[in-house]
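The values are calculated or read from the model by the stated rules, or taken from the named source; none is laboratory data. What you are looking at is a predicted structure, and each value in this text was computed from that prediction instead of being measured. Methodologically, a virtual Cβ is constructed for each residue, glycine included, from the backbone with ideal geometry; neighbour enumeration extends over all protein chains shown.
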Amino acid sequence: MSLAFAIRDFPSETERREKNLSNYDEIGDAVSHKVGVIGGDGIGPAVIAEGLKVIEAAGVNLEIHNYDLGGERYLRDGTVLPDSVLEEWRDLDVLYLGAVGTPDVPPGIIERGLLLKMRFELDLYINLRPFIVTGDENNDGHDFMVIRENTEGTYAGEGGFLRKGTPQEIATQGSVNTRHGVERCIRYAFQLASTREQQHLTLVHKTNVLTFAGDLWERTFHMVGEEYPNIETTYNHVDAACIYFVENPQRYDVIVTDNLFGDILTDLGGAISGGIGLASSANLNPEKTSPSMFEPVHGSAPDIVGTGKANPTAAILSGALMLDFLNENEAAQKIEKACADPKTQSGTTTEIGDAIAAQV
């Protein structure tokens, strides 16, 4: 089973190089990809260091640009994500993020000012999270992928307060769903499903209660589906999908869903596939008009910083997704295979990274 997710219809890295050779440094036959690295907070720098170690062992040449961003930077000088840094990033190929956030920073500052700003400003409209569920005596192992719309829904920030702090306080939080945003996400999911053996796509929503947003998602899903007659489709309410994730994940191949439901479902996906420490993700701009961003989903885990207990596998697998996106497919597959070997999955943060690098 492979986590590779290359989409045939999107521009290849060769095509991009032909359009803009200035994005690359040629060293012999090796291509140096420009990578913005944000170690971030907590265990982020440690796991990203292991990811970069493994990528180097796989023989991929990266031109690293380091950025000091996250909760600790905010506490030092109030910086979250300057517009000047965003402009620098537009000249990069990809971004590689460890984790951000510290307990001393009020909720929402880093989440909205850094992570969501990155997604919105760079138009990272696809959040892709792959999962491998190991087999047992009753079934074989199984892999599936969740495609989460990444720039709309309840995370768009529509809403506000009225009479805040009073007994009559009102808080509203809207969900923004555009035909453009929904269709491009669903279309990506159909394209992805068409590259996989099972050729099956499930829409997850809550159409019986969210009758406006759900209706838009469902109509668009069926409309795009007409262009992919070979893809088998189905629909699940999100609460039913939570049950199926636990009881029968083998029913899924590719799932497409909205921003909030995708956020929740993919954390559950991590839990059923070995733990959040193994959960990788990609925030994609598939057309490559701006750099895509790759990150583990486990957070900064401040309680285990410096203990060596952080499993770097999620960061390493996120690096593999990054390489696959950069058309370094052979290196990505080597890393995936090494991460799947139980012999690489014990020890300290550094020891796990060393074991994976040695196998690669």
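This table checks each residue for (1) under 14 Å from Leu278 (Cα atoms); (2) hydroxyl-bearing (Ser, Thr, Tyr); (3) in contact with a Phe, Trp or Tyr (Cβ under 6 Å, 6 or more places away or on another chain).
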| residue | (1), (2), (3) |
| --- | --- |
| Asn311 | yes, no, no |
| Leu317 | yes, no, no |
| Ala320 | yes, no, no |
| Leu323 | no, no, no |
| Leu326 | no, no, no |
| Lys343 | no, no, no |
| Ser346 | yes, yes, no |
| Ile352 | yes, no, no |
| Val360 | no, no, no |
### Summary
Considering region 286-304, residues that are touching a Pro at 6+ places or on another chain (Cβ under 7 Å) and not acidic (Asp, Glu), and then whichever is nearest to Cys339 (Cα to Cα), we arrive at Pro302
### Query
Quick one: is Arg179 closer than 17 Å to Val254 by Cβ and basic (Lys, Arg)?
no
### Query
Of the residues in region 69-102, how many are within 23 Å of Val47 (Cα to Cα) and surrounded by fewer than 12 Cβ atoms within 10 Å (Cβ to Cβ)?
1
### Query
Taking region 328-353, which residues are under 14 Å from Ile55 (Cβ atoms) and touching a residue at least 12 places away in the same chain (Cβ under 8 Å)?
Glu328, Asn329, Ala331, Ala332, Gln333, Lys334, Ile335, Glu336, Ala338, Cys339, Gly353
### Query
Which of the residues spanning region 175-220 are of a type in the set (Ser, Thr, Tyr) and within 22 Å of the chain's Cα centre (by Cα)?
Ser175, Thr178, Tyr188, Ser194, Thr195, Thr202
### Query
Just checking, how many residues over region 166-183 are buried (at least 20 other Cβ atoms within 10 Å of the Cβ) and in a helix (DSSP H, G or I)?
2
## Note on the structure
region 192-306: strands (runs of 3 or more DSSP E) wholly inside it with 1 or more residues that are aliphatic (A, V, I, L, M) and modelled with pLDDT of 95 or more are 200-205, 254-257, 280-284, 292-296
### Residue satisfying condition, being assigned by TED's automatic domain parsing to the domain that holds Trp89, buried (at least 20 other Cβ atoms within 10 Å of the Cβ), more than 17 Å from Gly40 (Cα to Cα) and of a type outside the set (A, V, I, L, M, F, W, C), within set Glu295, Glu351, Glu330, Glu336
Glu336
### Message
Looking at Ile276, Ile272, can you tell me which residue is within 29 Å of Asp93 (Cα to Cα) and β-branched (Val, Ile, Thr)?
### Response
Ile276
### Query
For region 97-126, what are the residues that are touching a Leu at 6+ places or on another chain (Cβ under 8 Å) and not in a helix (DSSP H, G or I)?
Val100, Thr102, Asp104, Val105, Leu122, Leu124, Tyr125, Ile126
